[in-house]
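What follows draws every value from the coordinates through simple rules; no lab data is involved. This one's a predicted model, so the numbers in the text were calculated from it and none came from an experiment.
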Amino acid sequence: MRIGIVGLPNVGKSTLFKALTRKEILIANYPFATIDPNVGVVVVPDERVEKLSVMSKSKKKISAIVEFYDIAGLVKGANEGEGLGNQFLAHIRETSAIVQVVRCFSAGDILHVEESVNPLRDIDIINTELILKDLETVQKRMEKLAGEAKRGQKDSQKALETLKKLEQAFNENSLALTLGEEFLFQEIVKELCLLTAKPQIYLLNGKNADVSDELKQKVNFDYVIADLGAGESVDALVKKAYEILGLISFFTTGEDETRAWTITRGTKAPQAAAVIHTDFEKKFIKAEVINCQKLLEAGSWQHARQRGWMRIEGKDYVVQDGDVIEFKV
């Protein structure tokens, strides 16, 4: 799971990255201090890994992880290459989701590229740049499809109609996300890797008092408030990223290792097994399953079995967050 950190220059992106990863990176009071993206691996906070590890007396424990990409600041005109924008937008394309850092603090000694602090305006600048880049991508593809449709290719005509809906949304300054999952899962849309189809979380950088109700309403529920300058914990952001991407964790535990495995919500048991080893999906027989809290309450696999708390599940079982599983293959 790769998450890109984006925003205008000097809004706290690199400070956030450092807080997440504990990495020493250049944090400077001028635009474009970051050229190539910094990449850091962040552990997803989950006390269940620790508790299962203690119960099983595991030799090692492995938590779920998220990769964060600290991408250089975008500016107005980035979609046309302003501020090396094309390069930075290409970095965003490689990510699964976006954290947009929005400056809410008013410290006057830190430069603002727009010369004033206005979170609502800043969000609009970033989203507009993403929309304009996607519009360019869609229109290039539409030109090709139009030629194919003229030659009588029915699939191209259907795809063209789909992209016209995207073009209309972009012209109305709407993100692709607003068209809904069913629309975005169409093959023609997925293969474009649109920037505005990526889930977004807003990191509102400042104190609670700096964040207006209007701003909260604009970003809906997909936001986390953190005063990065005061060194506040950003664990909530990592958890929010997991949530917004529809990800859950299941666990394996034993003397050798306790480990959290990441899957998409709705994944069935054989596909979950494949996350551990690709062969397990084909060779899947059944899964022995128990909820993490029930296993901890029992104190061991043996006691859980004695109490009849273990369940045998087949190929159609949808894995739930917090399941502890032993796959039989």
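Odds and ends about this structure:
- Convex hull of segment 159-304 built on C-alpha atoms - directionally averaged projected area, nm²: 14.0
- Semi-axis lengths, largest first, of the ellipsoid equivalent to segment 86-127 are 24, 11, 10 Å, with √(5λ) applied to each eigenvalue of the Cα gyration tensor.
- Anchor K150: aspartates and glutamates whose Cα lies under 19 Å away (excluding residues fewer than 8 positions away in-chain): E161
- q = 0.10, 0.20 Å⁻¹, segment 248-329: log10 I(q)/I(0) [Debye, one scatterer per Cα]: -0.21, -0.86
- Debye intensity ratio in log₁₀ form over the Cα atoms of segment 2-244, taken at each q of 0.11, 0.13, 0.17 Å⁻¹: -0.62, -0.83, -1.24
- Fraction of the pair-distance distribution of segment 113-199 above 16 Å, Cα-Cα pairs, percent: 54
- Helix-only CD estimate at 222 nm, as mean residue ellipticity for the chain, using -39500 (n - 2.57) per DSSP H run (n ≥ 4): -11500 deg cm²/dmol
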